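To start, the structure under review is shown below, and the notes come after it.
The values are calculated or read from the model by the stated rules, or taken from the named source; none is laboratory data. None of the values given here were measured: they were computed from a predicted structure. When we count neighbours, we look across all protein chains shown, and the Cβ atoms used for this are built from the backbone with ideal geometry, even at glycine. These area figures cover heavy atoms from the full protein model, side chains too; ligands, DNA and RNA do not enter into them. Shrake-Rupley method; radii C 1.70, N 1.55, O 1.52, S 1.80 Å.
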Amino acid sequence: MRCLTNIAKHPTILLIQSRTTLKELKQIHTQLLVNGTFNNPHFHAQFIATIALHNPINLHYSNYLIHHHNHHKPNLFTLNSMIRAYSKSTTPHKSFYFYNNILNSSNNLSPDNYTFNFLVRTCAQLTVRVTGFSVHAALIKHGFEYDPHVQSGLIFMYAEMGCLNSCHVVFEGVQNPDLVCQTAMLHACAKCGDVDFARKMFDEMPHRDFVVWNAMVAGYAQCGRSREALDLFQLMQMEGVKINEVSMVSVLSACTQLGALDQGRWAHAYLEKNNIRMTVTLGTALVDMYAKCGNIDKAMEVFWGMKEKNVYTWSSAMGGLAMNGLGRESVELFSVMKKDGVHPNEVTFISLLRGCSVVGMVEEGRNHFESMRKLHGIEPQFEHYGLMVDLYGRAGRVEEALSFINRMPMKPHVGAWIALLHACRMYKNKEIGEFALKKIVEVEAKNDGAYVLLSNIYADYKNWEGVNKVRETMKTKGVKKLPGCSVIEVDGEVHEFIVGDKSHPRYDEIELKIEEISRCVRLAGYVANTSNVFFDIEEEEKEDALGRHSEKVAIAFGLISLKEGVPIRVIMNLRICWDCHDVAKMISKFFKREIVVRDRNRFHHFKDGECSCKGYW
DNA sequence: CTAGGGTTAG
């Protein structure tokens, strides 16, 4: 055992941990063969395991070493390490090859608690329940049902599969759950939608190390409770808990969701100042944060500065470009990615198709969609079909969008119909719009967004009867419209405005500003675009209702609270309304202020009276 | 010193 410990600290092993290139590995390998270090079976095992664990990119090299330089039969340590490495790879099923290797080995190996711990993690990756159940059965057969390592793994596996009950069952069977096991259970609760229970566990734990803190912060961030994530992180700092790159990934993710650019910038500065290890994951989180907080230039600067990028990084950058209206750049980045030898996955194609869609590159988008199956072996999912509908629809080819839906190999999902309905709204197509709504409510009787869209189409035609009919239907069915909500960050503090809520301490000043805006805009001869007002009310009242949309309130607040020249950044939960969009353009001109709005679909950068979306919503 | 926490879309 002493011997193994020393080997783990062997300079060559440490070198592998910090380097990744295949070329260097080959050099090291040759050297070790020559000087005879490989004659030590322990070293050989540790060498392969280290490559597998620290250089997942070069997993095939560990494989090669096992098969072609096999002076020694791989031992359990090596095989377990391979299972572990593959459980985290993009091809987790290959773990089973090594599991079978253990079972069929000629040198009497039998799986141990590590084997099963890693194997259940493989099942967690695969999320194929049947596989998970059979591995569970196998480990019971081998007598590891009550092994603490295996139990932690099982909790993790069932969490990934969404079986919180099974997690509880396993957890209750644990004699004295240690920190690792408790962390797994906490993670499971957060993952399966019971963060509050996770927090309860967290609060009741007598000893908490920094991994537990990280799990809790991540738990909040992943379920969208970003504020609580940031609050807990702050507490973490105050308590002097160790902070590493994993903590920062969660912090950045929370900032991304809140659109809190200032806090995101602070986090970026923090991790540079504290020499936090820049991993691919952390870099990706940074790129995503800048992109989704409206600073796409900075996002790309970070992106190009990253030494190592994976498919997440590329997809994230492409998605960010698309979201910011830079569709062409997104498509170009896709070619660069392929040249770089990175294989796209299904998410990459979502980013790519969005890129095509926002700039109306219909043919290009269709070609890429076709290439998914033919060139990349990726079966398009319903999201991809939905984006194709969007692609045709945005470009005004509403009929083609409809016929595309009708040719889908699966039952069109609500999202596809919604995309069509948006196109109908944009191009004022009443007939297809009515048809789309019918299809939507067949599945989701209470889809408020769909009713509102159809109502808007009627309003465009000044068909108040139609508007009223929609309103009546909604009333009888009990459909409630989701209230608009906009947030804006001022001096690192996030202010939230919900439509109709006047509780903000500076609401009176905001009101005055809105009136000033209205005056300016009217002087310029602008007539409000009132078709976004849902109910048939008097024109004047309508303008008033429009004047109080949450996005406009947030912009007004930005005007009074941010220094001149500082861009106003607003994040909202719905798509920006047409009138607010027009008014924002004018504000950007009259008040000489840049405005960046991230709505639920994309970014709108308003400058000198123009918007970056150029009509492509 | 083979276990636990993290990134892309919807």
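Can you give me the accessible area per residue for chain A, using a 1.4 Å probe, in Å²?
48 Å²
Can you give the charge dipole size of segment A:201-356 about its Cα centre, rounded to the nearest 20 debye, using +1 on the beta carbon of Lys and Arg and -1 on the beta carbon of Asp and Glu?
Result for segment A:201-356 is approximately 360 debye, rounded to the nearest 20.
Reported to two decimal places, what Rg/Rh ratio describes segment A:310-362 when computed on Cα atoms with Rh from the Kirkwood expression?
Result: Rg/Rh = 0.94.
Compute the angle between helix A:311-323 and the longest alpha-carbon principal axis of chain A, please, reported from 0 to 90 degrees and rounded to the nearest 10.
Roughly 10 degrees between the two axes.
Taking only the Cα atoms of segment A:306-454, how large is their convex hull per residue, in Å³?
109 Å³
Show me A:134-141, A:594-601 ranked by packing, highest mean number of other Cβ atoms within 10 Å first.
For the peptides A:134-141, A:594-601, the packing ranking is A:594-601, A:134-141.
How would you classify segment A:45-119 from its alpha-carbon gyration tensor, with a ≥ b ≥ c the square roots of the eigenvalues: rounded for a/c under 1.5, else prolate if a/b is greater than b/c, otherwise oblate?
oblate
With a sphere of radius 10 Å drawn around the Cβ of residue A:355, what net charge do the other residues whose Cβ falls strictly inside it have (Lys, Arg +1; Asp, Glu -1)?
Result for the neighbourhood of residue A:355: -1.
With θ set to phi - 60° and the Karplus curve 6.51 cos²θ - 1.76 cosθ + 1.60, what are the ³J(HN,Hα) couplings of segment A:167-178 in order, to the nearest whole Hz, using x for Gly and Pro?
Once rounded to whole Hz, the list reads 4, 4, 4, 4, 4, 5, x, 7, 4, 10, x, 8.
When the Cα centres of segment A:111-174 and segment A:306-342 are compared, how far apart do they sit, in Å?
That distance is 36 Å.
By how many degrees, between 0 and 90 and to the nearest 10, does the Cα long axis of helix A:195-204 differ from the longest principal axis of chain A?
Computed tilt is about 50 degrees.
For a bin width of 10 Å, list the pair-distance distribution of segment A:176-246 built from all Cα-Cα distances, rounded to whole %.
22, 59, 19, 0
Ratio of chain A's C-alpha Rg to 2.2 N^0.38 Å, to two decimals?
1.11
Give the angle, between 0 and 90 degrees and rounded to the nearest 10, that separates the Cα long axis of helix A:507-523 from the longest principal axis of the Cα atoms of chain A.
60 degrees
Among A:374-384, A:296-306, what's the highest-first ranking by average C-beta atoms within 10 angstrom per residue?
A:296-306, A:374-384
Per 0.36 nm of contour for each residue apart, how much would the distance between residue A:277 and residue A:301 grow if the chain were fully extended, relative to their Cα-Cα spacing?
6.8 nm
With a 1.4 Å probe and all protein chains kept in place, how much accessible area does residue A:446 have, in Å² rounded to the nearest 10?
Counting only protein heavy atoms, residue A:446 exposes about 130 Å² to solvent.
What do you get for Rg/Rh over segment A:450-512 if you use C-alpha atoms and the Kirkwood form of Rh?
We get a ratio of 1.16 for segment A:450-512.
Can you run phi through the Karplus equation (6.51, -1.76, 1.60; θ = phi - 60°) for segment A:89-97 and list ³J(HN,Hα) in whole Hz, with x for Gly and Pro?
Computed from phi, the couplings for segment A:89-97 are 8, 7, 10, x, 4, 5, 3, 5, 4 Hz.
Based on the Cα gyration tensor of segment A:209-307, what are the three equivalent ellipsoid semi-axes, each the root of five times an eigenvalue, rounded to whole Å and given largest first?
Three semi-axes, in Å: 21, 15, 11.
Using helices alone, I'd like the mean residue ellipticity at 222 nm for chain A: each DSSP H run of four-plus residues gives -39500 (n - 2.57), total over residue count, nearest 500.
-20500 deg cm²/dmol
Which three lengths, in whole Å and largest first, does segment A:253-358 cover when its Cα atoms are put on their principal axes?
Principal extents (largest minus smallest coordinate, Cα): 37, 26, 20 Å.
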